Amino acid sequence: MPEGKIMKALSGFYYVKDEEKVIQCRGRGVFRKQKLTPLVGDYVEYQAENDQEGYILDLKSRKNELVRPPIANIDQAVLVFSAIEPDFSTSLLDRFLVLVESHDIDPVICISKMDLLNDAQTEKINRFAEDYRKIGYPVILSSAKWEDGMDQLKPWLEDQVTVFAGQSGVGKSSILNALNPALELKTDAISNSLGRGKHTTRHVELIGIGSGFVADTPGFSALEFTELEVDQLPLCFPEMVKASEDCKFRGCLHLNEPKCAVKEYVENGEIMEYRYQHYQQFHDEIKSRKPRY
Ligand code: GDP
Ligand code: ZN
């Protein structure tokens, strides 16, 4: 049975790429009974009727999936945060990082609109960038207005399936357009803030940029921890995962436990205090979440 990957979903058709061919497929098969819907990014088995049309017969199991945008098997998320307008927020960044970590997606932090900063502001952003690099996260400082603004970002997209995510107005569409001008995404802060239809009529498609693929629509912009449990939360902070080897208790939540290495490292400055505070906030938020029935 030939296999391929869904690159685009549109009006009930799935466009399955198998090497150099793209076959327009309809869904059919066991996944229907399992109430599974094929997603862009899915690996599938298909049957070709001819060299252009066919049927999807089976879906391979997914590494992960997102609802918005509806994509499966995502390797990486570029988390776009503007340095200013809207102001850079470590609290929101940590929220995005937790969500991405919990889906087994690798984050790349991209701080945009660096062209709008004065020297003091640039220095402040540089310090945050260093904090996150120390944790192990790649941080790119960029501007869609710079000639070479995308040069640092491009190598990260090679061989990966990437989604872009971040608040409205941070510059995601501008970056996607700079990477691939054919996209012609609207970049309009005002229509954004009204929440009106920038992408409502668009369908998700994976587009090739170099040897990688990028979802052609900006992804999630707001987050709640609806699926995350409190004991998974510490696993979404890499520096705490590392430190927890030295905690006295296995499964230490780094809150009130004695001989907790994480708290020690926060005290001596090896772990950023604001990261730890966000951890505590997220913990409380998950704890007080209403149960779903
Ligand atoms: P999105 O909502 O995240 O897709 O953000 P947009 O790409 O629509 O950008 C929002 C606004 O910020 C637009 O007016 C852009 O022209 C502007 N913008 C985006 N990136 C930059 C940048 O790097 N520098 C400056 N000065 N403005 C930018
Ligand atoms: Zn601990």
Practice problem: Name the residue, out of Lys242, Lys248, that is more than 16 Å from ligand 1 (Cβ to nearest atom), in a loop (DSSP other than H, G, I, E, B) and not hydrophobic (A, V, I, L, M, F, W, C). | Solution: Lys248
Exercise. Could you tell me whether any residue of region 224-238 is at pLDDT 75 or above, within 23 Å of Pro138 (Cβ to Cβ), more than 16 Å from ligand 2 (Cβ to nearest atom) and out of contact with any helix residue (DSSP H, G or I) (no Cβ under 8 Å at 6 or more places or on another chain)?
Key: no
Quiz item: Out of all the residues in region 251-269, which are surrounded by 14 or more Cβ atoms within 10 Å (Cβ to Cβ) and either in a helix (DSSP H, G or I) or more than 10 Å from ligand 2 (Cβ to nearest atom) (or both)?
Solution: Ala261, Val262, Lys263, Glu264, Tyr265, Val266
Quiz item: Within region 42-82, can you find the residues that are within 16 Å of ligand 1 (Cβ to nearest atom), crowded, with 17+ Cβ neighbours inside 10 Å and of a type outside the set (Phe, Trp, Tyr)?
Solution: Pro69, Ala77, Val78, Leu79, Val80, Ser82
Quiz item: Only one of (1) surrounded by fewer than 20 Cβ atoms within 10 Å (Cβ to Cβ); (2) closer than 19 Å to Gly219 by Cβ fails for Leu117. Which number is that?
Solution: (2)
Quiz item: Val163: away from ligand 2 (no atom under 16 Å from the Cβ), touching a Lys or Arg at 6+ places or on another chain (Cβ under 6 Å), within 30 Å of Val241 (Cβ to Cβ) and of a type in the set (Val, Ile, Thr), yes or no?
Solution: no
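The values are calculated or read from the model by the stated rules, or taken from the named source; none is laboratory data. Computed from a predicted model, the values in this text were never measured in an experiment. Please note: Cβ atoms are built from the backbone with ideal geometry, for glycine as well, and neighbour counts cover all protein chains shown.
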